[in-house]
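The values are calculated or read from the model by the stated rules, or taken from the named source; none is laboratory data. A quick note: this is a predicted structure, and the numbers were derived from the prediction, not measured. Ideal geometry is used to build each Cβ from the backbone, glycine not excepted, and the neighbour counts take in all protein chains shown. Heads up: the accessible areas ignore ligands, DNA and RNA and are worked out on the full protein's heavy atoms, side chains in. Shrake-Rupley method; radii C 1.70, N 1.55, O 1.52, S 1.80 Å.
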Amino acid sequence: MEAVILILVIVLVSAMGLGGYLTVKALRAAKRGVDRTLTQARRTVQDTALRAKSYGHPGPAGELAQLRLALRGSLRSTRETLHAGAATDPSLGESLALFERLSTHGQALEEELRRAERETDQGRLAAWLPELRERTERVRHSADSLRWAAQDRASRFEDDDLAELSRQIELETGALRHWTPPEDGVPGRLEGLGEPEGLVGERGSTDGARGARGARGALGRDGVAGREGLG
């Protein structure tokens, strides 16, 4: 009896532990989903604000907004491309490591651009803007180069796989269409396939008729020979 109670207690504790683990895991997954949704919503709001500012504020303020918008878009697109490619191509791991270093520079640059938007001294801002523009272009060029290289690599893999698939299909279709021509009254047939029932029956009938004609010819010859012997 005590053993049964002990087993029940162990089962109950295990079920409670498993339930708690699953609950914590579900809560963490839900939290990640909420955080991801909030991050995407915040990013969308920020991009919309920057786009409106770039169109509605001429001069340095509008150019700074355009620089931030272009920088954010380039880094985001490259990150998504590399992460998607790394899931099936482990060799992109080094590219991801390089991009993370580049992303750190990009975040620092965006913070400088944000500070420049709050600068009230137009003379200082005008002197600061060429440097910010040049650094933004360098970061964007590096990010775009990584993204384009990853896209070209994925496209090459797709082309190679399609070429191999096409070659295999050509071999298969050639095998399916290989036809053995008829020889000596034997009907032709497809290689790798048994003879169709109709062809088998027809061939059997032909062979039977040929055998019957041969038998009649032999009997005729024997009859003639017999008559000659009697005469």
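Sorted into 5 angstrom bins from 0, the C-alpha pair distances of the range 92-169 split as 3, 13, 16, 15, 12, 10, 9, 7, 5, 4, 3, 2, 1, 0 percent.
Subtracting the Cα-Cα distance of Glu172 and Asp121 from 0.36 nm times their residue separation leaves 11.0 nm of extension gain.
Can you give me the % of accessible surface on the range 77-173 that is carbon or sulfur? Probe 1.4 Å, all protein chains present, nothing else counted. Here carbon and sulfur together make up 51 percent of the probe-accessible area. Note on Asp152 and Gln107: with the Förster distance fixed at 35 Å, the Cβ-Cβ geometry gives a FRET efficiency of about 0.85.
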